[in-house]
Amino acid sequence: MVNLNKTFPKSGDYLHIEGNSHAHIKASLMGASSNIIIQNGSPLLGIWQGLYFCEFDGPRNRKVHIKIIGESIDA
């Protein structure tokens with residue numbers, strides 16, 4: 001996050017005049033969605049992987065939408 005803030009500072013010289021250009025650039029680099037495999041009720045992540053929610057244009061309230069797509073498991 002520190003590197004993103006140094007590379008795209010809030011007070012940068014941007015053409016976008018709404019004052020949140022830095023947030024738009026950071027969000028486009030980080031992405032807006034992710035697909036996560038759930039196995040045995042837990043996210044299947046590598047040892048150094050994690051899930052992060054980043055707010056670049058806030059603080060403000062946000063909604064998180066989760067959609068689960070899967071197969072039924074017969075016991």
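The values are calculated or read from the model by the stated rules, or taken from the named source; none is laboratory data. This one's a predicted model, so the numbers in the text were calculated from it and none came from an experiment. Backbone-built Cβ (ideal geometry, glycine too); neighbour counts: all protein chains shown.
Entry remark, the range 50-75: residues being under 30 Å from Tyr14 (Cβ atoms) and among the hydrophobic types (A, V, I, L, M, F, W, C) number 5 in total. Pairs linking a residue in the range 32-44 that is among the hydrophobic types (A, V, I, L, M, F, W, C) to a residue that is loosely packed, with under 10 Cβ neighbours inside 10 Å and outside any loop (DSSP other than H, G, I, E, B), with Cβ atoms under 6 Å and 6 or more positions apart or on different chains, do not occur. Only one of the numbered conditions (1) surrounded by 10 or more Cβ atoms within 10 Å (Cβ to Cβ); (2) free of Cβ contacts under 8 Å to residues at least 24 places away in the same chain is not met by Ala23, and that is (2). Name the residues in the range 50-75 that are loosely packed, with under 10 Cβ neighbours inside 10 Å and either touching a helix residue (DSSP H, G or I) at 6+ places or on another chain (Cβ under 6 Å) or among the polar types (S, T, N, Q) (or both), would you? Answer for the range 50-75, where residues must be loosely packed, with under 10 Cβ neighbours inside 10 Å and either touching a helix residue (DSSP H, G or I) at 6+ places or on another chain (Cβ under 6 Å) or among the polar types (S, T, N, Q) (or both): Asn61, Ser72. Does the range 2-16 hold any residues that are touching a helix residue (DSSP H, G or I) at 6+ places or on another chain (Cβ under 9 Å) and not basic (Lys, Arg), and which are they? Once the filter is applied, which keeps residues that are touching a helix residue (DSSP H, G or I) at 6+ places or on another chain (Cβ under 9 Å) and not basic (Lys, Arg), the range 2-16 yields Leu4, Asn5, Thr7, Phe8, Pro9, Ser11, Gly12, Tyr14, Leu15, His16.
Of all residues in the range 38-50, those satisfying the criterion of being modelled with pLDDT of 90 or more and either assigned to a loop (DSSP other than H, G, I, E, B) or among the polar types (S, T, N, Q) (or both) are Ser42, Leu44, Leu45, Gly46, Ile47, Trp48, Gln49, Gly50.
Among the residues of the range 29-49, those that are surrounded by 10 or more Cβ atoms within 10 Å (Cβ to Cβ) and either under 25 Å from Ser11 (Cβ atoms) or in contact with a Lys or Arg (Cβ under 8 Å, 6 or more places away or on another chain) (or both) comprise Leu29, Met30.
Only residues that are over 17 Å from the mean Cα position of the chain (by Cα) and either part of a loop (DSSP other than H, G, I, E, B) or at pLDDT 90 or above (or both) were counted in the range 1-37, giving 11.
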